[in-house]
1. Could you tell me how many of the residues in the stretch A:84-143 are away from every other protein chain (no Cβ under 14 Å), surrounded by fewer than 20 Cβ atoms within 10 Å (Cβ to Cβ) and free of Cβ contacts under 8 Å to residues at least 40 places away in the same chain?
2. Give the stretch B:36-72 a look and list any residue that's within 12 Å of the chain's Cα centre (by Cα) and either at pLDDT below 90 or exposed (fewer than 13 other Cβ atoms within 10 Å of the Cβ) (or both), or say none.
3. Given the criteria away from every other protein chain (no Cβ under 14 Å) and either closer than 27 Å to A:ASP122 by Cβ or among the hydrophobic types (A, V, I, L, M, F, W, C) (or both), does B:LYS44 qualify?
4. Restricting the stretch A:156-168 to residues that are part of a helix (DSSP H, G or I) and within 14 Å of chain B (Cβ to nearest Cβ), which is nearest to A:GLY134 (Cα to Cα)?
5. Residues to consider are A:PHE153, A:PHE64; find the one that is at pLDDT 90 or above, surrounded by 13 or more Cβ atoms within 10 Å (Cβ to Cβ) and outside any loop (DSSP other than H, G, I, E, B).
6. Has the stretch A:94-108 got any residue that is part of a helix (DSSP H, G or I), under 16 Å from B:GLY54 (Cα atoms) and of a type outside the set (Phe, Trp, Tyr)?
7. So, of the residues in the stretch A:144-155 that are closer than 29 Å to B:TYR46 by Cα and in contact with a Ser or Thr (Cβ under 9 Å, 6 or more places away or on another chain), which turns out to be farthest from the other protein chains (Cβ to nearest Cβ)?
Amino acid sequence: MDTSAGGSEPREAPKEAEKPNIEPLRLPTVEEMRGQDIWNNCAVRSVVSGIMGGGLGLFMGLLFGALDNPLMQEQMTARQQFIYTAKQMGRRSWSSAKTFAFMGLIFSAAECVVEKARAKHDTTNTVVAGCVTGGALSAKGGPKAACAGCAGFAAFSVVIEKFLDRHG
Amino acid sequence: MAAKNGPTDIEKEQVFGMAEKEMEYRVDLFNRLTKICFDKCIDKRYKESELNMGENSCIDRCVSKYWQVTNLIGQLLGSNRPPL
């Protein structure tokens, strides 16, 4: 008949019932779903990857173009050497940007299509996409070169993916 | 007036009971659908917090098929009872 013991228990029971303050289930709105779906679109993804590849190619081309020495180094003045190097950098960076943009576009498009069709997130997607990209890049050299490019680029992309996944 | 109020109350209770059962059925359907598609489609290693594209298309297909199966079985059970 202790009133404190009898009085404390019913006070604790409503406290326990109050604790789990569960919010009602909030399903995403149509705008939110559309906003998330943009990144699921294969065309958008591959274009963005192509642009990023182009940027990367631009930087790499600038770097390697700057390291290139002119042929007739002794017979040119410093100003001529500078102009030659600048032109070389521009040319190399533009062609390198095109190559990398093409590579990024093809790789991303292939991976997106394969992953959507398989409905699985695997390394098989990366292998197939790498093979398609390598084959497309070295298709001008004939079927043997295309096979070699396919295998090489597939192996390269698997290595890069494993490396990125380890720290991601 | 008194005769009209009686059945209306009972009708209200019936309608409310049916609506409650329907709500329970729908909630159960949602929970079951979510559990089944989650278990089937999503890799348990949880490498990242966003759904990737493979999981997204898997969930789309899972929900679509589950919904079609539910509708089909509902029709089969509802239209005529086949003698077992």
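The values are calculated or read from the model by the stated rules, or taken from the named source; none is laboratory data. Since the structure is predicted, the reported quantities are computational estimates derived from the model, not experimental observations. A quick note on method: Cβ atoms are made from the backbone with ideal geometry, for glycine too, and the neighbour counts reach across all protein chains shown.
1. 17
2. Passing the criteria: B:TRP67, B:GLN68, B:VAL69, B:ASN71.
3. Against the criterion (away from every other protein chain (no Cβ under 14 Å) and either closer than 27 Å to A:ASP122 by Cβ or among the hydrophobic types (A, V, I, L, M, F, W, C) (or both)), B:LYS44 does not qualify.
4. Step by step, filter the stretch A:156-168, then rank; the result is A:GLU161.
5. From the options A:PHE153, A:PHE64, the qualifying one is A:PHE153.
6. yes
7. A:PHE153
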